[in-house]
């Protein structure tokens, strides 16, 4: 864009034009990113990341779905029935997926910016490459419902109770142990409803509580409003809020229900309302002990280095940032997904 003249202390007309021709602009030497979003779900998965290596079925997990021995009573003699060999372990298989961000660097761009760059474009691109992988991965987490695609698995696939996941078919009744807890609800997400579904998650997962909950901003807001009417403010005797450095605290950054913090994830999907019906969101509850990313040891957000584009008859270089990874849960029963909650307009 052209220099801004005719506002503030900068005159318009020929005088302003002359000033722009002989006066440097006062640049801030930073590029302020405007387009990306933070995601607690991706952060939770990466915080628990595990290392993977090569091979077909790069992540192979033995999982037990049926008993391998049988308990029985005995008497004073200590005798018992001869045990039978019972098979109970099944192999679950996952392949890693690749995310690539090509990074161009034109030769003339480098010459023009040499010793004259306010913000080096190559540095901005390198920073953007990491953000692009995070954005792409976060989008796939909440949208990819297709088994065996080239994209990382998403919660519509992982937190489901039918079809293939990890090379195990969840549809047969005998494989019910490999299903997630999938339900629907209506209306606002309240403390009472959140508690109900946390208990449902605990019961479905054999008594083990979830430790992480996430929902969209509109659904979270209505849950927060259910808290706010019960807030109380404590004032120290002989004091007031204006004498406190922190002031009065109101509301929460993470809503805790039965000890389970529930966060906002801007990528959590919202279904638009139809014919004046409100939009609907979902609540995902998980135990991060069983959910993590597996990242290839040789491609953990690795930069390939720059290679010349001269073979393509062009002065310049091209590199790539590569991440080879997969997000997975080794215990789908630890996931509970409830859809249909009213999501307020934000």
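The numbers here are math on the coordinates, done by the rules we state, and not lab data. Since we're looking at a predicted model, the values are computed, not measured. Please note: Cβ atoms are built from the backbone with ideal geometry, for glycine as well, and neighbour counts cover all protein chains shown.
Using the 10 angstrom Cβ neighbour count as an exposure proxy, how do 96, 189 rank, fewest first?
Ranked by crowding around the Cβ, least crowded first: 96, 189.
Highest GNM mean-square fluctuation, the chain, Cα pairs closer than 10 Å: which of 87, 146, 20?
20
Which length gain, in nm to one decimal place, applies between residue 276 and residue 20 when the Cα-Cα distance is subtracted from 0.36 nm times their residue separation?
86.9 nm
Where the centre of each part is set by its Cα atoms, how far does the range 285-310 sit from the range 143-185, in angstrom?
Here the answer is 23 Å between Cα centres.
Could you work out [θ]222 nm for the chain from helices alone, using -39500 (n - 2.57) per DSSP H run of at least four and dividing by all its residues? Round to the nearest 500 deg cm²/dmol.
-7000 deg cm²/dmol
So, in nm, how far is label residue 306 from label residue 318 when the simple model puts each one 7 Å beyond its Cα toward the Cβ?
1.5 nm
Calculated FRET efficiency, residue 183 and residue 9, Cβ-Cβ r, R0 45 Å, to nearest 0.05?
Result of the calculation: an efficiency of 0.15.
If neighbour count is taken as other Cβ atoms inside 10 Å, put 97, 31 in order from fewest to most.
By the 10 Å Cβ count, ascending, the order reads 31, 97.
Could you work out how far apart the two model spin labels at residue 36 and residue 256 are, taking each label as a point 7 Å from the Cα in the direction of the beta carbon, and quote it in nm?
Output for this residue pair reads 3.0 nm.
In a Gaussian network model over the chain where Cα atoms closer than 10 Å are linked, find which of 39, 304, 139 has the largest mean-square fluctuation.
304
With a 10 Å Cβ neighbour count serving as the proxy for reagent exposure, in which order, fewest first, do 165, 294 appear?
Going from sparsest to densest Cβ surroundings: 294, 165.
Quick one: give the max-minus-min coordinate of the C-alpha atoms of the chain along each principal axis, largest first, in Å.
107, 73, 49
Could the peptides 313-324, 7-18 be put in order, highest first, of the mean number of other beta-carbon atoms found within 10 Å of their residues?
For the peptides 313-324, 7-18, the packing ranking is 313-324, 7-18.
Reported to two decimal places, what Rg/Rh ratio describes the range 124-206 when computed on Cα atoms with Rh from the Kirkwood expression?
My calculation puts Rg/Rh at 1.10.
For the range 1-121, state what percent of all Cα-Cα pairs lands in each successive 5 Å bin, counting from 0 Å until the bin that includes the largest distance.
2, 6, 7, 8, 9, 8, 8, 7, 6, 6, 5, 4, 4, 4, 3, 3, 3, 2, 2, 2, 1, 0, 0
Hey, quick one: spin label on residue 27, modelled 7 Å out along Cα-Cβ, who in the range 93-109 has an amide N within reach, i.e. under 15 Å?
109
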